[in-house]
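**Student:** What follows is a structure written as structure tokens; I'll ask about it next.
The values are calculated or read from the model by the stated rules, or taken from the named source; none is laboratory data. All figures in this text were calculated on a predicted structure; none of them were measured in a lab. All Cβ positions, even for glycine, are placed from backbone atoms using ideal geometry, and neighbour counts span all protein chains on display.
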Amino acid sequence: MRIATWNINSIRSRHARAIDWMVREDVDVVAFQEIKCTEAQFPLAPFEEAGYEVVLHGLNQWNGVAIASRHPIEDVEIGFPGQPGFLKGHEGPDAPLEARAIGATIEGLRLWSLYVPNGRALDDPHYAYKLDWLATLAADTRDWLAADPELPLALMGDFNIAPLDSDVGDPSFIPGLSTHISPPERTAFSAFEKAGLRDVVRPIRPDGFTFWDYKQLRFPRNEGMRIDFILGSQAFADRVVDASIHREERKGDGPSDHVPVVVDLDLGLEDDDDRPMIF
DNA sequence: ATGTCCATTATTAATGGA
């Protein structure tokens, strides 16, 4: 079983490229972020023709998350418990939720596609929202794993945080001045580890960025950021056999500014064709 | 030169978000 997370930056602009990659790379499940459309606008037909079922949450041209799968999708959840909302100029407990989280169960795996708020600036209300959003999700993670310590859970998405200094290759991110690298954001990220998750890609692929800004020739200069992650519980991590960052997807015509991050799992499925059949 | 891209609102250009 091969699963991926990918901030696609408009599924309407890039669905052909996305599906080409999914078929070519034999990907079973993709958690998409920034689909930038509503359910009525989502290009379902080409996914279905390629053999993928899709569940999604999209409210408008901003944000939007989806999960596409070759296997049956069960127990879909829009948003996580206690998820805070945000509306510029209308901050507070009554702010509406944004389309940033969708959860589903596939082959017994509990998967979340997550688009963590950007934060915008250290003194922007969006930054406090980002930290609140992350803290609530970490608390939920603790609850989910307390209820079932053997749950194969993965949080997949664009976390908009570079946990390590080596994850920062873009010189416009300046310590003390920029989001994505501030100590409170890094502490918020480490809370997922305390809750029982770990980055299941980094031990296998310690190097590489997942995002390069369109501006300033960031990709040709390889001035990127590592901000897209798959965080798995013990039971999920136990099934991981490989991982990869598909840097080639930043090349060519009309790429997203993010690339797919992939993990390969051994679920012991009889129809898993990644292993030779022995009769 | 922010060496850009996307979607929307508005009517060929401005806005907001990243």
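**Student:** Can you go through A:Ser256, A:Ser172, A:Ser244 and tell me which one is surrounded by fewer than 19 Cβ atoms within 10 Å (Cβ to Cβ) and assigned to a loop (DSSP other than H, G, I, E, B)?
**Tutor:** Only one candidate passes the filter, namely A:Ser172.
**Student:** Does the stretch A:171-189 contain any residue that is out of contact with any strand residue (DSSP E or B) (no Cβ under 8 Å at 6 or more places or on another chain) and of a type in the set (D, E, K, R)?
**Tutor:** Within the stretch A:171-189 (the criterion being out of contact with any strand residue (DSSP E or B) (no Cβ under 8 Å at 6 or more places or on another chain) and of a type in the set (D, E, K, R)), the answer is yes, since at least one residue qualifies.
**Student:** Output the residue which, of all residues in the stretch A:33-64 that are hydrophobic (A, V, I, L, M, F, W, C) and either within 13 Å of DNA strand B (Cβ to nearest atom) or at pLDDT below 95 (or both), is surrounded by the most Cβ atoms within 10 Å (Cβ to Cβ).
**Tutor:** A:Ile35
**Student:** Any residue in the stretch A:13-27 that's free of Cβ contacts under 8 Å to residues at least 40 places away in the same chain: show its pairings with residues that are surrounded by 15 or more Cβ atoms within 10 Å (Cβ to Cβ) and not aromatic (Phe, Trp, Tyr) at Cβ separation under 8 Å, as long as the two are six or more apart or on different chains.
**Tutor:** Pairs that qualify, where the first residue is free of Cβ contacts under 8 Å to residues at least 40 places away in the same chain and the partner is surrounded by 15 or more Cβ atoms within 10 Å (Cβ to Cβ) and not aromatic (Phe, Trp, Tyr), are A:His15/A:Pro43; A:Ala18/A:Ile8; A:Ala18/A:Ile11; A:Ala18/A:Val30; A:Ile19/A:Ala50; A:Val23/A:Ala50; A:Asp26/A:Arg2.
**Student:** Could you check, for the stretch A:123-144, whether at least one of its residues is in a loop (DSSP other than H, G, I, E, B) and either farther than 24 Å from A:Gly208 by Cβ or more than 15 Å from the chain's Cα centre (by Cα) (or both)?
**Tutor:** yes
**Student:** State the number of residues belonging to the stretch A:190-236 that are aromatic (Phe, Trp, Tyr), touching a strand residue (DSSP E or B) at 6+ places or on another chain (Cβ under 6 Å) and either part of a loop (DSSP other than H, G, I, E, B) or closer than 24 Å to A:Thr141 by Cα (or both).
**Tutor:** 4
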